Amino acid sequence: MTSALRTRAVHAGRDDLTDLGLHAAPLDFSTTYPSRDSAEEARRIDEFTAGGKVTGIYGRIGNPTVERFEQALAELEGFEYGVAFASGMAAISACLLSAVAQGKRHVVGVRPLYGSTDHLLTSGLLGTEVTWVGPEDVAGEIRPDTGLVFVETPANPTLTELDIAALASACGEVPLLVDNTFATPVLQRPGRLGARIVLHSATKFLGGHGDVMGGVVACDAEEAARLRQIRFATGGVLHPLAGYLLLRGLATLPLRVTAASATAAILAERLASHPAVHAVHYPKLGGPLVAFELAGDPHALIGAVRLITPAVSLGSVDTLIQHPASLTHRVVPAGDREEAGITDRLIRLSAGLEDVEDLWHDLDQALKAC
């Protein structure tokens, strides 16, 4: 079987469809799965409780459509298992709860992270304690009760890049969790570099159209078993329709990310020479995201765009622009934002699939309002 990502993005999670006489993946809306054999159902519930992967019984245990998406994403990331959730934050919460359940409540975090992730870790709402460090200091902060090292690269919203292999080495036996939402498996596969848990806000590039919300974790069998049990207990399940849309989104993921990345690279180059722009941040890895700092008023820019969509989120077919200090990272204390490089003049842009000249014309006219 071919290992080309572009091919597998189309076929992963669908390899059995021809044998089933189907072309589109089936969408199963069932919330419960009847059986006349209660003794067998009891055995299967015991199997699930013991960490086994069980299909059927009840929709909170699993759903066949969602399982196709889980299988496909895990394959693209190079892992054996995937576990999907109702949102990216539900996925993050489950990973933290998994560590706490093992008696490992301490998390080492490297800023910047997505603002809600930062807030959840800082607040300790799930019983965790976080130590914030630079990437070079991770090894020195690991304790006997450290359950995770949590990083995001390229980081939200500064697009700072981290050396995943070096971090994995510094973690030792502690799992390195990499939020790979921005890069997607098209641009990097952290598992190949030593990350043991890879997480996505599937709402972004995996869905790709701004019309579905979800989260997903790629991991090994042991972690997947814990995450499925946490999902069952807490109810953070992905709806079957969302699973269907996310599976469909994966088929075009390489095409969308490649096209948007080409646009973003051009915009980054032009922004770097624009008199209204103080600095541009664009990853060496490439990708559809561009961050830039204005010399003038960022709110004026947001209010002046006409083609570009002024909204939070990213990874959609249309280009989105937002002011992180006002929106995605508003919950992070101002001092912590500044220390992480999230200044009040920083703008984050997620390139879509529009013509690059049309996007530049809109950006240029909006920059004049600053």
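Inspect all residues belonging to segment 10-18 and state whether any of them is of a type in the set (Lys, Arg) and surrounded by 12 or more Cβ atoms within 10 Å (Cβ to Cβ).
Yes, the conditions are met somewhere in segment 10-18.
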Which listed residue, of Arg105, Arg43, is open to solvent by 30 Å² or more (accessible area, probe 1.4 Å) and either in contact (Cβ under 8 Å) with a residue 12 or more places away in the chain or under 22 Å from the mean Cα position of the chain (by Cα) (or both) = Arg105
note = Among (1) at pLDDT 95 or above; (2) in contact with a helix residue (DSSP H, G or I) (Cβ under 7 Å, 6 or more places away or on another chain); (3) open to solvent by less than 60 Å² (accessible area, probe 1.4 Å); (4) among the aliphatic types (A, V, I, L, M), Ala91 falls short only on (2)
key: Residue under evaluation His329, criteria (1) closer than 17 Å to Ala304 by Cβ; (2) surrounded by 16 or more Cβ atoms within 10 Å (Cβ to Cβ); (3) in contact with a Pro (Cβ under 9 Å, 6 or more places away or on another chain), criterion not met   = (1)
request  = Check segment 290-297 and report whether any residue there is open to solvent by less than 50 Å² (accessible area, probe 1.4 Å), in contact with a helix residue (DSSP H, G or I) (Cβ under 9 Å, 6 or more places away or on another chain), modelled with pLDDT under 95 and not hydroxyl-bearing (Ser, Thr, Tyr).
outcome  = yes
inquiry  = Regarding segment 355-369, can at least one residue be identified that is buried (at least 20 other Cβ atoms within 10 Å of the Cβ) and assigned to a loop (DSSP other than H, G, I, E, B)?
reply    = no
query = If you check every pair at least six apart or on different chains, which have Cβ atoms under 8 Å apart with a residue in segment 244-260 that is surrounded by 18 or more Cβ atoms within 10 Å (Cβ to Cβ) first and a residue that is charged (D, E, K, R) second?
reply = Leu245/Asp211; Leu247/Arg14; Leu247/Arg68; Pro254/Arg6
message = Quick check on segment 113-124: of everything there that is part of a loop (DSSP other than H, G, I, E, B) and open to solvent by 10 Å² or more (accessible area, probe 1.4 Å), which residue is farthest from Ala183 (Cα to Cα)?
response = Gly124
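Mind listing whichever residues of segment 19-29 are of a type outside the set (D, E, K, R) and either open to solvent by less than 50 Å² (accessible area, probe 1.4 Å) or touching a strand residue (DSSP E or B) at 6+ places or on another chain (Cβ under 9 Å) (or both)?
Ala25
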Unique residue being open to solvent by less than 10 Å² (accessible area, probe 1.4 Å) and modelled with pLDDT of 95 or more when the list is Gly191, Gly215 = Gly215
task = Say whether the condition of being open to solvent by 30 Å² or more (accessible area, probe 1.4 Å) and at pLDDT 95 or above is met by at least one residue in segment 194-203.
result = yes
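State whether the residues of segment 137-150 include one that is open to solvent by less than 30 Å² (accessible area, probe 1.4 Å) and within 23 Å of Leu206 (Cβ to Cβ). Quick ask: steps written out before the conclusion?
Filtering segment 137-150 down to residues open to solvent by less than 30 Å² (accessible area, probe 1.4 Å) leaves 138, 146-150.
Cutting the leftovers down to within 23 Å of Leu206 (Cβ to Cβ) gives us 148, 150.
Yes; the residues of segment 137-150 include at least one that is open to solvent by less than 30 Å² (accessible area, probe 1.4 Å) and within 23 Å of Leu206 (Cβ to Cβ).
The values are calculated or read from the model by the stated rules, or taken from the named source; none is laboratory data. Since we're looking at a predicted model, the values are computed, not measured. All Cβ positions, glycine included, derive from the backbone under ideal geometry; neighbour counts span all protein chains shown. Surface accessibility is based on the protein's heavy atoms, side chains included, excluding ligands, DNA and RNA. Shrake-Rupley method; radii C 1.70, N 1.55, O 1.52, S 1.80 Å.
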